[in-house]
Amino acid sequence: MERLLLEEINSPEDIKGLDIHSLEVLAQEIRDKIIETVEQTGGHLGANLGVVELTLALHSVLSSPRDRIIWDVGHQCYAHKLITGRRDEFQTLRQMGGISGFPLPKESIHDHFGVGHSSTSISAAAGMAIARDLQGEDYKVVAVIGDGALTGGMAFEALNHIGSLGRDIVVILNDNEMSITNNVGALSDYLGRIRSDTKLYKAREDLAALLLKVPVVGKPMSKIARHFKNTLKSILPGQLFEELGFAYLGPFDGHNIPQLKKAIRAGVDRGGPVLIHVYTQKGRGHALAEESPHRYHGVGPLQVVPKKEVTSYSEVFGQSVVELARINPNVVAITAAMRDGTGLGGFAKEFPHRFFDVGIAEQHALTLAAGMAKDGLRPVVAMYSTFLQRGYDQVIHDVALQGLPVIIGVDRAGVVGDDGPTHQGVFDISFLRAVPGLTILAPRNGSELTAMLNWAIEQDGPVAIRYPRGGTTQIASMGNFDPNQGIPAQELRSGRDGVIFAVGHMVEVAMEAARLLEPEYSCGVVNIRSLKPLDESLLLKLARGTRYVLTLEDHVLAGGMGSSILELLSDDEQGIKVQRLGYPDEFVPQGSISQLHEAYGLTAQQVANTFRKAMSRGVYQLVASQEH
């Protein structure tokens with residue numbers, strides 16, 4: 001069998017001597033490798049297939065690791081990983097103990113900045129450019145950002161800053177008209193106009209060359225020429241970026257390697273801030289991904305045994321919001337570039353004028369909702385737990401401080417698996433629990449999620465509802481909670497020896513653990529349901545009745561539900577032993593959800609074993625000695 005060219009590439013230096021034909025062959029081999037691997041491991045398919053030629057052009061011109069390449073979000077770094085010494089490990093992509101699906105500095109010296117969230121690349125690159133200049137170094141700094149990530153406000157904050165500094169930095173705008181779904185907003189429309197008429201850029205360049213040849217006589221002619229030039233600039237592409245202090249080059253075909261190499265070389269040689277606009281095709285080389293790029297943005301393993309059909313929490317959430325909107329015309333839905341991921345696709349179709357996708361702009365989404373609520377609407381904001389972190393100040397200052405009735409759907413709460421530490425939703429209880437006036441709920445299943453939404457829409461203040469990634473088997477109606485009362489905790493099992501306080505989908509783990517303990521121990525189980533405020537009277541009563549409480553949560557222990565139970569019992573002089581199960585003070589790595597639960601002792605069998613050990617260590621003797 002003929003040896004593949006990719007098998008001879010062990011570092012970026014190995015591609016510098018390749019001619020254009022060899023680079024194009026290598027590009028196809030990289031695509032084949034990405035498709036083959038993602039079919040087995042899952043991962044971000046579309047974005048990676050779209051930047052293969054751009055990656056090769058960058059590494060052909062630049063000299064990594066000396067020169068810095070910063071990938072925004074990082075879900076387009078697979079080709080980069082394949083040519084920077086990780087080819088032989090690539091089959092471990094996103095697996096527990098394997099290589100990350102995102103740039104990770106501790107994994108390679110060619111990964112210059114750790115990422116996973118969007119719109120950070122230009123800020124990081126600016127910081128590196130400043131560090132370079134202050135320390136008298138001489139290397140190139142290039143940020144690669146997609147048009148979806150460019151909708152994030154942080155990207156424009158960085159453009160505004162670096163443009164005013166005038167330092168040498170290159171920003172490559174990878175324009176594929178997509179983030180996870182189609183991009184929205186005025187910026188997307190602007191880039192679309194540039195894409196649609198590349199002749200405008202050539203016209204400007206030709207005219208600029210012509211004006212240089214025309215002799216200018218006297219101040220009047222000079223004034224006319226300046227006025228004409230300014231008028232021309234206002235109608236030609238890239239003016240937005242030039243007004244921010246960047247030289248604009250493009251747009252270029254992002255799959256034409258010779259053109260890309262020439263553009264990148266021109267950009268880094270020019271000096272000062274430069275923006276190179278390239279347009280690429282998301283999913284290029286994979287027929288299904290080309291046809292449906294939104295479906296193939298991030299995928300699970302493509303060659304798998306079909307799973308039993310279940311309804312996801314996100315789908316239940318979306319369907320429930322639609323039902324609320326049919327009844328209440330003031331209900332509106334907001335998301336930050338995650339329409340389908342948060343289950344709001346159906347809402348967008350049925351109520352297009354009441355649905356708002358703001359792009360990758362979580363901060364704006366939350367304050368937008370606050371403004372809507374202030375003037376009588378009932379906004380429901382849906383975003384992943386890991387992305388809600390980006391809007392924390394808005395939750396505090398714009399929503400909670402004013403006591404506005406905004407509902408926040410905290411999707412993907414808990415570990416989410418293979419995307420790793422940048423995406424695990426294990427901090428939201430901690431940072432939300434500190435916010436005064438904010439109610440925090442967690443449903444055990446789909447029917448509770450629906451009931452909680454129905455309850456929340458009747459409240460006068462903000463409510464956050466956290467729910468996990470994955471399916472829920474119980475979606476039949478359970479009735480509604482009394483909107484005039486707080487949502488009570490639910491004792492599912494009584495127990496003489498101890499009780500497990502569990503939250504969300506971990507309630508089912510607690511129920512199974514209690515069954516495994518029978519008949520050796522009598523273990524109670526409580527579904528917390530309301531994380532803030534707690535159902536203090538019931539929880540105190542049950543804790544005092546058993547003297548041993550085990551808390552169980554898919555969340556970090558620091559500041560989580562277990563911490564709130566410790567706080568509740570801190571002044572209680574009943575000698576109650578509390579033991580907490582959750583994630584320790586570390587970032588949770590990548591791995592399947594089941595693997596992570598097992599690694600951290602959160603399976604039903606492990607919970608039962610923890611309970612047994614507590615009993616064997618003499619919890620009762622400890623309590624008895626305290627009583628005497």
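So which residues in the stretch 237-262 are under 31 Å from the mean Cα position of the chain (by Cα), assigned to a helix (DSSP H, G or I) and without any contact (Cβ under 8 Å) to a residue 60 or more places away in the chain, if there are any at all?
Residues satisfying the conditions are Gln239, Leu240, Glu242, Glu243.
Out of (1) touching a helix residue (DSSP H, G or I) at 6+ places or on another chain (Cβ under 7 Å); (2) over 25 Å from Val588 (Cα atoms); (3) at pLDDT below 95, what's the single condition that is false for Asp340?
(1)
Among the β-branched types (Val, Ile, Thr) and touching a Leu at 6+ places or on another chain (Cβ under 8 Å): does that describe Val171?
yes
What strands (runs of 3 or more DSSP E) lie completely within the stretch 525-604 and have 3 or more residues being in contact with a Phe, Trp or Tyr (Cβ under 8 Å, 6 or more places away or on another chain)?
The strands (runs of 3 or more DSSP E) meeting that bar are 548-556, 577-583.
Could you figure out which of (1) assigned to a strand (DSSP E or B); (2) touching a His at 6+ places or on another chain (Cβ under 9 Å); (3) buried (at least 24 other Cβ atoms within 10 Å of the Cβ) isn't true of Ile276?
Answer for Ile276: the failing condition is (2).
Do we have Asp497 as surrounded by 15 or more Cβ atoms within 10 Å (Cβ to Cβ), acidic (Asp, Glu) and more than 21 Å from Val426 (Cβ to Cβ) here?
Yes.
For the subset of the stretch 279-333 comprising residues that are part of a strand (DSSP E or B), within 23 Å of Thr55 (Cβ to Cβ) and not hydrophobic (A, V, I, L, M, F, W, C), which member is modelled with the lowest pLDDT?
Gly298
So, Gly17, is that one crowded, with 21+ Cβ neighbours inside 10 Å and farther than 17 Å from Ile264 by Cβ or not?
no
Looking only at residues that are in a loop (DSSP other than H, G, I, E, B) and at pLDDT 95 or above in the stretch 139-150, which one is surrounded by the fewest Cβ atoms within 10 Å (Cβ to Cβ)?
In this case the residue turns out to be Tyr139.
For the structure I just gave you, tell me whether Gly437 is closer than 22 Å to Met561 by Cα, in contact with a Gly (Cβ under 9 Å, 6 or more places away or on another chain) and either surrounded by fewer than 21 Cβ atoms within 10 Å (Cβ to Cβ) or not assigned by TED's automatic domain parsing to the domain that holds Ile565 (or both).
Yes.
I'm checking my understanding of the structure. Among residues of the stretch 344-374 that are small (Gly, Ala, Ser) and free of Cβ contacts under 8 Å to residues at least 40 places away in the same chain, which one is surrounded by the fewest Cβ atoms within 10 Å (Cβ to Cβ)?
So, considering only residues that are small (Gly, Ala, Ser) and free of Cβ contacts under 8 Å to residues at least 40 places away in the same chain, the one surrounded by the fewest Cβ atoms within 10 Å (Cβ to Cβ) is Gly371.
Name the residue, out of Arg496, Arg433, Arg412, that is within 24 Å of Glu315 (Cα to Cα) and either free of Cβ contacts under 8 Å to residues at least 60 places away in the same chain or out of contact with any Pro (no Cβ under 9 Å at 6 or more places or on another chain) (or both).
Arg412
Being in contact with a strand residue (DSSP E or B) (Cβ under 9 Å, 6 or more places away or on another chain), crowded, with 21+ Cβ neighbours inside 10 Å, at pLDDT 95 or above and not polar (S, T, N, Q): is that true of Val73 here?
No: the conditions fail for Val73.
Would you mention how many residues in the stretch 79-96 are assigned to a loop (DSSP other than H, G, I, E, B) and either touching a Lys or Arg at 6+ places or on another chain (Cβ under 9 Å) or without any contact (Cβ under 8 Å) to a residue 12 or more places away in the chain (or both)?
So the answer is 4.
Can you name the residue in the stretch 595-605 that is in contact with a helix residue (DSSP H, G or I) (Cβ under 7 Å, 6 or more places away or on another chain) and of a type in the set (S, T, N, Q) and is also farthest from Asp419 (Cα to Cα) among such residues?
Checking each candidate, the answer is Gln605.
Out of (1) more than 23 Å from Lys106 (Cβ to Cβ); (2) touching a Phe, Trp or Tyr at 6+ places or on another chain (Cβ under 7 Å), the odd one out for Glu24 is which?
(2)
Would you confirm, using the coordinates I've provided, whether Arg390 is in a loop (DSSP other than H, G, I, E, B), among the charged types (D, E, K, R) and closer than 25 Å to Gln424 by Cβ?
No; evaluated as a whole, the condition is false for this residue.
Being crowded, with 23+ Cβ neighbours inside 10 Å, within 12 Å of the chain's Cα centre (by Cα) and closer than 30 Å to Tyr583 by Cα: is that true of Arg390 here?
Judged against the criteria, Arg390 is not a match.
The values are calculated or read from the model by the stated rules, or taken from the named source; none is laboratory data. Everything numeric here is computed off the predicted structure, so don't read it as measured data. Quick reminder, even Gly has a Cβ in these numbers, built from the backbone with ideal geometry, and neighbours come from all protein chains shown.
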